[in-house]
Amino acid sequence: MTTLSELEKLINEGASEQKLQRELKKDLSIFSKICAIPHDEYIIFSELPVGITGDCDFAVFTGR
């Protein structure tokens, strides 16, 4: 599991966008620590199609 401090370290070291995405995709629950309240109620998608030709790298849906 990638922790927020590990992610911060990667960013500070200048990790590429692809490297950060690989780390985030290992455990998508890291988004719940940042975005979801309560932390146990969320749905996360990676590479969600948007519109006809677009893609969203990550989409977080939270709340009731």
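For the reader, a short list of remarks on this structure follows.
- In a DSSP loop and with at most 13 other Cβ atoms within 10 Å, the GluC sites (Glu not before Pro) in the chain are E13, E41.
- In this simple spin-label approximation, S29 and A59 carry label points 7 Å from Cα along the Cα→Cβ vector, and these lie 2.3 nm apart.
- Helix-only mean residue ellipticity at 222 nm for the chain, each DSSP H run of n ≥ 4 adding -39500 (n - 2.57), per residue, nearest 500: -10500 deg cm²/dmol
- Projected onto its three principal axes, the C-alpha set of the chain covers 34, 32, 15 Å, listed from the longest axis down.
- A simple spin-label model places pseudo-atoms 7 Å from Cα toward Cβ; at E41 and E13 they are separated by 3.8 nm.
- With θ taken as phi - 60° and the Karplus curve 6.51 cos²θ - 1.76 cosθ + 1.60 applied, the whole-hertz 3J(HN,Hα) list for region 18-29 is 5, 5, 5, 5, 4, 5, 5, 6, 4, 8, 5, 5 Hz, x standing for glycine and proline.
The numbers here are math on the coordinates, done by the rules we state, and not lab data. Note that this is a predicted model, so its numbers are computed, not measured. Using ideal geometry, Cβ is built from the backbone for each residue, glycine included, and neighbour counts are taken over all protein chains shown.
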